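*Asks:* Let me give you the structure first, and then I'll get to my questions.
The values are calculated or read from the model by the stated rules, or taken from the named source; none is laboratory data. Keep in mind that this is a model prediction, so the values were computed, not measured. Quick reminder, even Gly has a Cβ in these numbers, built from the backbone with ideal geometry, and neighbours come from all protein chains shown. Note: accessible area is taken over every heavy atom of the protein model, side chains too, but ligands, DNA and RNA are not part of it. Shrake-Rupley method; radii C 1.70, N 1.55, O 1.52, S 1.80 Å.
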Amino acid sequence: MKPSILVKSSQQVESDEKAQIQLAEQDKKPVMKNLASYVQTCFESAKNHRKENDVNERMLRSKRQKAGEYEQTELAQLQSRPGTDIFFNITESKCESFVAWLEDIFSPVKERPWAIEPTPIPTISEGSAELISEKIASMVDGEMATLGKSEDVVNETNRLYDEALRDLREDAEQKAEYMADLMDDQLQEGGWPEALSDFIADLSVYPTAFIKGPEILNKKRISWENGEIKTTIEAIPNWKCVDPLDIYPSPNARNLHEGYLCELTKYDRSALALLRKQEGWNEKNIDALTGISYSQNADSEEYSSGIGDASERSRLEDRNLHSASSELDDKIEVIEFWGPVSGTLLLEWGMSKKDVPVAEDFYEVNCVMANHLILKSVLNPDPIGRRPYYSTSYIKNKNSVWGLKSIPEKMQDTQRGVNGAQRALLNNLAIASGPQVVANVDVISEEQLNGIHDQAPWKVWAINGNQQTNNVPPVSFFQPNSNSNELVAVTQFYEGQADDRTLIPRYVAGNTDAGGGAGSTASGLSMLMNAANRGIKRVVKNIDMDIIRPMLNQLYTRNMIFEEDDKIKGDAQVVPKGVLASLAADQVQLRRTELLNFTNNPTDLQIMGVKGRAELLRKVAGNIDMDISKIIPSNEELMQMQQAQDQAQQNEEEMQQEGQPPME
């Protein structure tokens, strides 16, 4: 029996080939079966993009430079030839000066580097507008006959309107002050000072530094009730500095709010177990994850950070990569994901139709995943979808999250110049530390040739008598030249260039010699510091605009929504003051004192009023270590005092009109 032959038309053959090509292409593409696959794919894409664009190596290279370590290739070259391999570390001192400088600016004594101020024209609520309308209507009905002219009515109407605006502005100022006090308390209790300090330290080393918050965490509180200690759990805002090595922005994202964002972090098993019953957390997946043994989790490389050698990072951070020895010490590495996800994947995971009404739309969500298990998935709690991450750079790059250059990168060439000059200096000093010896081996006896390197006072040299010396001594000495002065000058030149490269002069750390002749006097040093402030203002402005303002705006919005106290809810705005604080504190205080003395006259006092004079006094005395409230009365007390004086003056005038003698 002959085998059957399948005959296809050219169109069928072409159709089959296209189908096979489509199947092959589908095999190459990742299959988005569920939410975990989507998050994993996003993380891998961000990790690969960061590695391919040399971001990982840039960060580690900057960290090695600050730690005073050569790159491996350069160190191998130095060790292959005689001489010192010293690393004369000026990068560390430059970074530490930068940290100290910024901490002085953003941690002023008894002053906040930010403020909550009313908007220039407070918004008039419907209730206030109705009150103003009622006053004007009442005035028009009751005083039209008295005022007479229409322009008088208009003037009186304007007066009432201005008076209402003034009352609104005073009310807004009071509410802004209450809000500022609340936010300051939240920042102190939520770890903001520590987070900002760590952030500044990262900014001195890495191309970009990151802060996370406000993140609402449940924390235990201790209070006294009826003489007994009570423990309660409160949800409070919290802030922390995120290591740049753990941040993975979306490929080609220009800021942290474009595309998606992943953070590689760790959870204690015990802390993770406490989240099982919290809203948005998956109890089943948490139980499955915490049931994995310590050895299984420790050996897993599921979420390798992709920085090359994890042990090198641990060494640079001075920690032991394998310090955990039991399940009690074990931390579970997770991916925290922020970004848009399709409604289909969210509904498949288990979100309700109420949260995800349209399956075809995309929703901004926050997910936590470990070992391909989604532990948490919730909608972004911010009303406009802002993520609780902020970043800035020493030198910003408008086209990337990662800055153009870090401080170590900016001074990399000067660090190499200093290293080269110092190596040459030490080698030269070692050679010039004593005379070099020239030995005529032709005339020295064979016995003494064996000990030719043993030099001693009054040493006797035996020579071969049958050799012609030609009046050449068997041993002679010469002194190599010392080039230390020139090499020290080269070192100082590169140190000066490092000042210019980084805009962080050495005299900001107290090295007055670095300022030349001007640094030897108080006024000259003050002029140098004022000039140096111009350089640091750019960095301070970056922190103000990219960190302080958006973070406080997000906290302000949260308080306006979730806090129940109406005393804090007014028409106000966040005003960062870091650039102003970058001016020397003594200069600011001097100008305030001059203004206080200059306005100490009846004319200016009439313009400023008692409240304005009291506010200026508070600013002048703000940095004094004492309770200002015991010296300068509050605005309410000043108002009461003014009313009492006005009443006493009115009583005195009435008594004089009645013919009675004034009261003593």
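*Asks:* Probe radius 1.4 Å, ligands and nucleic acids ignored: give me the carbon and sulfur share of the accessible area of segment 177-229 as a rounded percent.
*Replies:* C and S fraction of accessible area: 47 percent.
*Asks:* Between the DSSP loop rule and a limit of at most 10 other Cβ atoms within 10 Å, which chymotrypsin sites (Phe, Trp or Tyr not before Pro) in segment 385-493 are left?
*Replies:* Loop-located and lightly packed - W458.
*Asks:* For a test of the definition: using alpha carbon positions, the gyration tensor, and the 1.5 limit on a/c, classify segment 245-288 as rounded, prolate or oblate.
*Replies:* Prolate, since a/c reaches 1.5 and a/b exceeds b/c.
*Asks:* Which whole-number value in Å² is the accessible area per residue of segment 359-499, probe 1.4 Å?
*Replies:* With the other protein chains kept in place, segment 359-499 gives 56 Å² per residue.
*Asks:* Which order do you get for I452, I384, I200 if you rank them by accessible area with a 1.4 Å probe, largest at the top?
*Replies:* I384, I452, I200
*Asks:* Find how much the distance from E317 to A456 grows on full extension, using 0.36 nm per residue of separation minus their present alpha carbon separation; answer in nm with one decimal.
*Replies:* 45.0 nm
*Asks:* Here's something else I'd like to know. Taking R0 as 30 Å, what's the FRET efficiency between E636 and L160 from their Cβ-Cβ distance, rounded to 0.05?
*Replies:* With R0 = 30 Å, the Cβ-Cβ based efficiency is 0.80.
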